[in-house]
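This report concerns only the one structure given below.
Readers should treat all values here as calculations from the given coordinates under stated rules, not as data from a laboratory. Every value quoted in this text rests on a predicted model; they were computed, and no experiment measured them. Positions of Cβ are generated from backbone atoms using ideal geometry, with glycine treated the same way; all protein chains shown enter the neighbour counts.
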Amino acid sequence: MPIHKLLIANRGEIAVRIIRAARTLGIKTVQVHSTADADSLAVEIADEAVEIGPPAASKSYLDVDAILDAARKKDADAVHPGYGFLAENADFADAVEAAGMAFIGPRGETIRRMGDKAAARKAAKEAGVPTVPGSEGLLAGAAAARQVADEIGYPVMIKATAGGGGRGIRIAQNGDELDQLAPQAASEASAAFGDGGLYLEKVIERARHIEVQILGDGKNVIHCFERECSLQRRRQKVWEEAPSPALNEDTREALCTSAVRLASSVGYRGAGTIEYLYDDATGEFYFIEMNTRIQVEHPVTEEITGTDLVAEMIRIAGGAPLSIRQGDLAIDGHAIEVRINAEDPSNNFMPFPGLVSDFRFPGGPGVRFDHMLYPGYQIPPFYDSLLGKLIVKGNSREDAIARLKSALSEFRIDGLKTTAPLFMALASDEQVQASAFHTGWLEPWLEENSARLAQNQGGIAA
Amino acid sequence: MAKQEIRSPLPGTFYRKPAPDQPEFKAPGDNIAKGDVIGLVEVMKSFHEITSEFEGKLIGFLVDNEEPVAPGQVLAEIEN
């Protein structure tokens with residue numbers, strides 16, 4: 001059933017992105033918002049807006065009843081959850097469908113299965129997708145953990161089955177550390193996620209984070225190639241690019257088809273991402289987890305494939321088959337995204353929720369800025385610090401980096417500190433230019449280069 | 001006897017407990033030493049401890065648990 005009116009159960013730059021996609025499809029939009037977001041860009045550009053609660057996300061963007069009430073009141077026939085908040089909450093997906101509306105994403109049962117890390121690992125194995133050496137399913141206790149770890153070798157990662165986004169992970173260098181950390185990890189996971197289930201994985205040292213974008217309509221699944229997101233701080237991605245500079249054609253083909261196999265095996269519907277670790281030394285890749293939602297870094301894939309992933313996921317939820325065939329897709333050029341956060345990189349990334357007094361945003365060929373800003377906007381302190389994503393595309397990676405440097409040299413937001421200076425420094429770094437990095441590369445680099453990050457915040461006039 | 005004010009240096013959300021299932025840092029009537037943590041302010045998903053610059057007795061809080069605060073807003077009063 002085609003969608004006529006879409007409710008956006010999110011905020012910030014992704015809400016703006018979803019409204020734009022809906023508008024190109026001729027779909028009306030309803031933006032829900034907390035009292036703190038009444039003057040947000042998403043509320044301004046949506047066709048309608050409904051206030052659903054106070055600033056705290058637990059009382060607004062995570063309040064399922066308030067969101068469903070707003071959807072009924074406005075006669076919405078679909079809900080887009082964006083990323084974060086309720087995007088990977090299977091019960092929310094079920095509740096939306098039970099209310100007779102389309103959930104823009106997979107079925108609740110798929111979210112439940114792939115969101116459970118141990119179950120997802122099992123599904124990957126069954127689909128013939130390589131997984132990181134580790135425990136078969138959940139650990140039965142501390143003695144079992146020790147036995148598995150002694151077999152696969154140290155260091156090992158202790159992971160919470162209900163965790164995600166880098167949370168609930170501990171690393172043990174040896175058996176004694178494992179004995180000490182495993183009980184702590186279980187009680188912490190139990191408190192944080194309501195589920196103390198743990199599993200173990202071998203640590204792949206100096207690995208790259210590479211992920212495959214997939215799209216499915218419940219019958220067919222295609223991939224839109226991979227992204228590399230190895231530049232991370234505290235397990236949060238800061239710089240993402242597509243394609244990965246580390247893969248040759250054979251490895252790319254093997255990686256992307258393995259992702260399609262896994263998504264097909266669960267009858268996947270919507271946009272999803274299958275994350276892998278890639279070991280440069282051996283050329284092996286290993287499944288780590290699947291994200292059953294649109295991701296922050298989806299634009300780099302859009303730029304190299306000419307797709308509109310958000311529009312495609314809305315069409316699929318409306319009952320349409322995939323509008324793109326695998327054979328239609330090819331990699332065109334190279335794209336890089338950097339996350340512009342309201343944080344001060346020269347002061348340990350201290351959040352900086354200021355008033356946007358003025359700005360200059362870059363333009364020209366191959367430059368895109370997906371954001372939530374306007375002059376006079378007061379950044380609310382209650383949510384994450386992502387202001388926008390600067391995306392550049394070039395014919396080659398070298399071209400894309402040149403465009404990134406040019407775009408950043410024009411980029412200016414007054415009244416705030418942002419992470420923009422970090423990306424100018426990274427774009428100028430020889431190792432980044434040579435893509436000689438891995439997931440553990442950025443943090444020591446930040447310590448060595450803290451002085452460079454103190455320079456040049458553009459025209460700060462707070 | 002003088003009344004001292006502890007203010008929030010940041011905008012965000014004020015918490016009186018280190019975690020939802022844990023006891024409050026301090027309660028009205030408690031004795032406070034310099035440097036004692038009286039609460040947390042969450043700004044953009046990062047948590048900052050609010051410590052007392054004063055010693056004395058906690059009169060009370062002017063902001064409820066999990067309520068929004070503005071920079072410079074008085075969180076608690078201390079008598080010394």
How large is the convex hull of the C-alpha atoms of region A:5-104 per residue, in Å³? 79 Å³
10 Å beta-carbon shell around A:GLY440, net charge (K/R +1, D/E -1): -1
Using Cα-Cα distances under 8 Å and only pairs 6 or more residues apart, what relative contact order does region A:20-123 have, in percent? 17 percent
Considering every residue in B:43-55, what mean count of other chain Cβ atoms within 10 Å of its Cβ is obtained? 3
Once normalised by the length of chain A, the mean sequence separation of its alpha carbon contacts under 8 Å that are 6 or more apart gives a contact order in percent of 14 percent
Given axes a ≥ b ≥ c from the Cα gyration tensor, I'd like to know whether region A:144-291 is rounded (a/c under 1.5), prolate (a/b larger than b/c) or oblate. prolate
Shape of region A:347-462 from its Cα gyration tensor (a ≥ b ≥ c, root eigenvalues): rounded if a/c is under 1.5, otherwise prolate when a/b > b/c, or oblate? oblate
What net charge is computed for the residues neighbouring A:ALA15, neighbours being all others with C-beta under 12 Å from the C-beta of A:ALA15, Lys and Arg scored +1, Asp and Glu -1? -1
Taking a cut-off of 22 Å between Cα atoms, list the lysines near A:LYS393, but don't count ones fewer than 8 places away on the same chain. A:LYS237, A:LYS405
Across peptide B:8-15, what mean number of C-beta atoms from other chains lies inside 10 Å of a residue's C-beta? 3
What net charge do the residues around A:LYS125 carry, taking every other residue with its C-beta under 12 Å from that of A:LYS125, with Lys and Arg at +1 and Asp and Glu at -1? +1
Per residue of A:376-388, how many C-beta atoms from partner chains lie within 10 Å of its own C-beta, taken as a mean? 3
Taking amide H positions as placed in the peptide plane 1.01 Å from N, state which residues far from A:ASN220 in sequence (5 or more) or on other chains have amide H under 5 Å from it. none
Ranking request for peptides A:299-311, A:123-135: highest mean number of other beta-carbon atoms within 10 Å first, then the rest in descending order. A:299-311, A:123-135
Hey, can you grab everything whose amide H is under 5 Å from the amide H of B:LEU75? Only 5+ residues off in sequence or another chain; H modelled, so Pro and N-termini drop out. B:ILE6, B:ARG7, B:SER8
Can you count the Lys pairs in chain B with C-alpha separation below 21 Å, eight or more apart or on different chains? 10
